Amino acid sequence: MKLTSAWVDQTQNQFKVQIIPDDHPSAHKLSEAFGDHTFFLGESGLHIVEPAAAVGEEAAAGKVVKLAGWNDRQQNTLEPQDPEIVGMLVVPDAGAGRA
């Protein structure tokens with residue numbers, strides 16, 4: 001899913017990842033391969049956030065899913081993998097999380 005700024009901020013703070021901007025040269029290829037998401041890169045690879053069960057009216061939850069891992073020490077090449085849930089987010093005042 002595409003994320004709101006509150007979700008992006010929480011994801012980056014909690015998981016030490018950086019967003020791949022929509023205008024980045026690889027963003028279109030990532031969307032073709034994995035669907036329409038907000039993508040993040042971190043030390044362990046490529047991640048997205050998927051919706052999880054609602055927490056309540058004042059907060060929402062999401063699953064952080066790793067889609068690809070680094071194939072080299074220089075972190076230049078990603079290798080797709082089976083999706084792996086690597087954590088959960090709870091974002092106060094975030095609604096459903098979609099942009």
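Every read-out reported here was derived from the displayed coordinates using simple, explicitly stated rules and does not represent laboratory data. The structure displayed is predicted, hence computed values, not measured ones. In this analysis, Cβ positions are derived from the backbone assuming ideal geometry, glycine residues included, and neighbour counts consider all displayed protein chains.
See the values below:
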| item | result |
| --- | --- |
| Trypsin sites (Lys or Arg not before Pro) within the stretch 1-43, DSSP loop, no more than 11 other Cβ atoms inside 10 Å | LYS16 |
| Percentage, to the nearest whole number, of Cα pairs in the chain over 23 Å apart | 21 |
| Using alpha-carbon coordinates, inclination of helix 5-15 to the longest axis of the chain, degrees | 60 |
